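Before any comments, here is the structure.
The values are calculated or read from the model by the stated rules, or taken from the named source; none is laboratory data. What you see is a predicted model; the values in this text were computed from it and never measured. Because the Cβ atoms are built from the backbone with ideal geometry, glycine has one as well, and the counts that use them run over all protein chains shown.
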Amino acid sequence: MDESVLAAARAAFPAGQSSVTLGAVVHGGHTHPEPTVRLALPMMNRHGLIAGATGTGKTKTLQLMAEQLSAAGVPVFLADVKGDVSGVAAPGESSPRVTQRATETGYTWTPTGYPVEFLSLTGAHGAQMRATVSSFGPLLLAKVLGLNETQASVLAMVFKYADDRGLLLLDFSDLRSVLQYLSGEGASELAEYGGMAKQTVGVLLREMVQLEQQGAGAFFGEPEFDLNDLLQVAPDGRGVMSVLELQDVQDKPALSSTFMMWMLARLYHTLPEVGDLDKPKLVFFFDEAHLLFEGASPAFREQVEQVARLIRSKGVGVFFVTQSPKDVPADILAQLGNRVQHALRAFTPDDDKALRAAARTFPKTKFYDIEETLTTLGIGEALVTVLDTKGVPTQPFAVRMIPPSSRMSPLAPAELQQRVMSSAQVREYAKPVDRESAREMLAARAAEAARVTSEVESRIPTQSPQTSRGRATREPPTALEQALRSPLARTVAGVVTRGLMGALLGGTRRRRR
Ligand SMILES: Nc1ncnc2c1ncn2[C@@H]1O[C@H](COP(=O)(O)OP(=O)(O)OP(=O)(O)O)[C@@H](O)[C@H]1O
Ligand SMILES: [Mg+2]
């Protein structure tokens with residue numbers, strides 16, 4: 001192989017750094033086992049992109065990256081969209097292809113399984129993921145419900161209304177009660193809220209009930225998933241991989257991508273600033289990332305962009321995984337310093353345009369014709385540019401990726417079930433709790449109103465001056481008001497108020513530190 005290519009690669013990937021090995025340099029049809037192309041661990045919070053046409057090796061790339069991160073003590077979050085990631089929990093199986101790839105890339109392949117916790121939106125394949133409606137917030141919920149901008153702004157006002165009234169929005173039945181109340185007997189209270197239309201509230205109610213009928217109720221409520229659970233390290237010092245199993249919600253793509261966004265936003269809010277670290281605290285792989293941006297409002301995209309930009313200083317690296325870089329909005333793409341670009345196809349004029357656009361995002365190189373390389377890379381090969389330890393992008397190299405050391409096929413259903421059944425984390429989140437919140441409060445308010453009405457009616461003929469003074473000037477405290485006066489309720493309401501605009505920052509956001 002051309003010695004100047006290897007010399008450039010050696011300069012770009014100096015030995016002796018703590019790093020994740022991606023593979024070996026490919027040039028002129030040959031693979032050279034030395035030097036290896038690597039991602040420096042301190043740079044992994046600078047985010048990245050793993051892209052490529054279907055079947056080109058994206059999932060295996062995230063698998064081999066996740067493995068080495070875990071081995072370095074870094075916890076990892078992975079989404080298993082197609083059910084082909086669960087194999088990370090079991091050692092890989094040797095085959096002539098694996099052995100050959102290991103030899104070509106100069107990699108000592110040792111079959112290894114990794115510490116894994118499974119998570120699940122349905123609770124069927126892992127710990128039940130749950131978020132309260134208020135921490136999810138109106139922006140993310142609007143995305144899940146597919147609301148237009150007017151409807152989304154009404155939803156935001158409904159949250160504001162609940163906030164003002166101290167109505168806790170924990171689960172779907174809370175939100176449903178508030179929407180029902182506002183589209184019925186409470187409609188007059190809408191006047192204060194910028195002329196929020198009763199009809200729109202009715203539309204929200206219908207959308208929500210529909211989502212609920214699809215079973216979405218299960219992941220709204222308490223106990224909410226504690227994001228610190230993503231930061232676990234196993235007793236042997238390896239980072240725990242949290243694998244979110246999503247095959248059983250494939251028909252609700254908006255929901256799973258929004259849920260992952262909620263996780264990122266909550267992480268952003270809960271983690272302290274840490275500055276530059278030797279290695280990230282967590283690396284978050286956002287698979288099928290195009291789903292997050294499809295049909296997203298500008299406000300939503302702006303929030304994703306902000307969270308991505310800011311979460312870096314909390315020591316969290318995010319890798320978006322998607323077919324084409326054009327799936328990711330430009331201002332987010334610009335933040336993804338580490339790129340593993342698998343082959344792109346150029347069948348249609350549109351593909352061609354996307355290819356040229358993708359090629360332009362790579363730093364210059366005299367060793368490769370970028371467009372040609374991008375269309376001729378083999379399976380499990382990629383054009384790679386990463387940030388060096390000074391934060392400067394290296395020139396791109398074509399790379400043959402090493403084989404993952406864990407199993408490349410999924411766990412058998414029985415293997416997965418066995419792991420799920422024996423997980424303490426799964427047990428911890430298994431049972432929902434239903435504490436006093438908006439639904440109960442509104443029900444109490446209705447009951448109280450009925451009681452007062454009948455009491456007042458029964459007193460009309462024989463009112464004493466004393467009660468009439470007390471009652472005439474002031475309405476009796478409602479059950480809700482009474483509840484809100486209790487010190488416990490006040491703390492609870494305070495906590496919720498602060499989280500109320502939801503996990504995302506934004507225009508409607510209250511100031512936070
Ligand atoms: N690093 C690798 N080591 C060994 N085999 C690989 C590697 N990368 C890809 N392959 C082979 O290519 C196949 C497809 O890879 P993979 O499933 O990662 O593609 P993908 O880009 O995720 O596809 P999709 O878009 O359909 O999800 C794998 O099943 C495996 O056989
Ligand atoms: Mg894949």
Odd one out for residue 406 among (1) away from ligand 1 (no atom under 15 Å from the Cβ); (2) of a type in the set (Ser, Thr, Tyr); (3) more than 19 Å from residue 4 (Cβ to Cβ): (1)
Pair list, Cβ under 7 Å, 6 or more apart: the range 44-58 residue assigned by TED's automatic domain parsing to the domain that holds residue 325, other residue within 11 Å of ligand 2 (Cβ to nearest atom) and assigned to a loop (DSSP other than H, G, I, E, B): 51/323; 52/323; 53/323; 54/323; 58/52
Where residue 347 falls short, out of the listed (1) surrounded by 12 or more Cβ atoms within 10 Å (Cβ to Cβ); (2) within 16 Å of ligand 1 (Cβ to nearest atom): (1)
Total residues in the range 82-109, condition away from ligand 2 (no atom under 16 Å from the Cβ), surrounded by 18 or more Cβ atoms within 10 Å (Cβ to Cβ) and not charged (D, E, K, R): 7
Pick from the range 227-263, criterion of a type in the set (Asp, Glu) and within 23 Å of residue 68 (Cβ to Cβ), ranking: surrounded by the most Cβ atoms within 10 Å (Cβ to Cβ): 245
Residue within the range 13-35 that is part of a strand (DSSP E or B), touching a Phe, Trp or Tyr at 6+ places or on another chain (Cβ under 6 Å) and more than 21 Å from residue 374 (Cβ to Cβ) present: yes
Flag if residue 285 is farther than 18 Å from residue 143 by Cα and touching a Phe, Trp or Tyr at 6+ places or on another chain (Cβ under 6 Å): yes
Some residue of the range 101-122 being within 12 Å of ligand 1 (Cβ to nearest atom), closer than 13 Å to residue 241 by Cα, part of a strand (DSSP E or B) and touching a Ser or Thr at 6+ places or on another chain (Cβ under 7 Å): no
Residues of the range 354-371 classified as closer than 22 Å to residue 12 by Cα and either among the aromatic types (Phe, Trp, Tyr) or part of a helix (DSSP H, G or I) (or both), total: 8
Which listed residue is assigned by TED's automatic domain parsing to the domain that holds residue 385 and within 16 Å of ligand 1 (Cβ to nearest atom), from 22, 41: 22
Pick from the range 414-461, criterion of a type in the set (Val, Ile, Thr) and either over 17 Å from residue 243 (Cβ atoms) or more than 26 Å from the chain's Cα centre (by Cα) (or both), ranking: surrounded by the fewest Cβ atoms within 10 Å (Cβ to Cβ): 460
Any hit, the range 401-413, residues being surrounded by fewer than 17 Cβ atoms within 10 Å (Cβ to Cβ), under 29 Å from the mean Cα position of the chain (by Cα) and without any contact (Cβ under 8 Å) to a residue 60 or more places away in the chain: yes
Test set (1) modelled with pLDDT of 95 or more; (2) surrounded by 24 or more Cβ atoms within 10 Å (Cβ to Cβ); (3) within 16 Å of ligand 2 (Cβ to nearest atom) - residue 79 fails condition number: (1)
Qualifying residue in the range 341-356 (condition: among the aromatic types (Phe, Trp, Tyr) and in contact (Cβ under 8 Å) with a residue 24 or more places away in the chain): no
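One line per residue, one yes/no per condition, for (1) touching a Phe, Trp or Tyr at 6+ places or on another chain (Cβ under 8 Å); (2) away from ligand 1 (no atom under 16 Å from the Cβ); (3) under 21 Å from residue 35 (Cα atoms):
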| residue | (1), (2), (3) |
| --- | --- |
| 353 | no, yes, no |
| 358 | no, no, no |
| 373 | no, yes, yes |
| 380 | no, no, yes |
| 384 | yes, no, yes |
| 390 | no, yes, yes |
Residue 300 being in a strand (DSSP E or B) and of a type outside the set (Lys, Arg): no
Subset tally (residues that are outside any loop (DSSP other than H, G, I, E, B) and within 13 Å of ligand 2 (Cβ to nearest atom)) for the range 45-63: 8
